[in-house]
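Engineer: This is the structure, below, for whatever I ask next.
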């Protein structure tokens, strides 16, 4: 049986070095792709992660926002860890919607809302967690009821932080 050689980082962890398109899908090796966010082990400080993720969400790159939020999640500790995971899941839900996967979109939006909701009464970093939960659940309900056809690009953009925090 032939084995394929996997891309690895200097520590031997698997990494996918293939370029990615705007929705985060892998492209053939050598193709022109978008610049990738830093790896998980290069997590920015929370406010910088939120700024970068918001910029990516605002410009239609939820997969790339997910990568930034996932790095923050993996670098975080309790009590914020579940919240960061939920933010990453919300971005993945938006990615699934962008890619045309209604089932995955609704499931990840709901899963993200559940994790985000654990901190909704005491949101750190100026986050609008209650608003994010409401948006995620409402969007999941719309997708389950009507599918993805009625969604606009604006429906897939969320505001992570409240107006006063920005």
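Bear in mind these aren't lab numbers, they're just calculated from the coordinates by the rules spelled out. Since the structure is predicted, the reported quantities are computational estimates derived from the model, not experimental observations. Cβ atoms come from the backbone with ideal geometry, glycine included; neighbour counts cover every protein chain shown.
Engineer: Contour minus end-to-end for residue 144 and residue 125, with contour as 0.36 nm per residue of separation and end-to-end as the Cα-Cα distance?
Structural biologist: Roughly 3.7 nm would be gained on extension.
Engineer: Can you classify the range 40-165 as rounded, prolate or oblate using the Cα gyration tensor, where a ≥ b ≥ c are the square roots of its eigenvalues, rounded means a/c under 1.5, and otherwise it's prolate if a/b beats b/c and oblate if not?
Structural biologist: Prolate, since a/c reaches 1.5 and a/b exceeds b/c.
Engineer: So for the pair residue 29, residue 48, with labels modelled 7 Å out along Cα→Cβ, what separation do we get in nm?
Structural biologist: Simple spin-label model gives 3.2 nm for this pair.
Engineer: Compute the distance in nm between two label points, each set 7 Å from the Cα along the Cα-to-Cβ direction, one at residue 153 and one at residue 81.
Structural biologist: 3.9 nm
Engineer: Same structure, new question: Please report the relative contact order for the range 40-165, taking Cα pairs under 8 Å with a sequence separation of at least 6, and give it as a percent rounded to a whole number.
Structural biologist: The normalised contact order for the range 40-165 reaches 23 percent.
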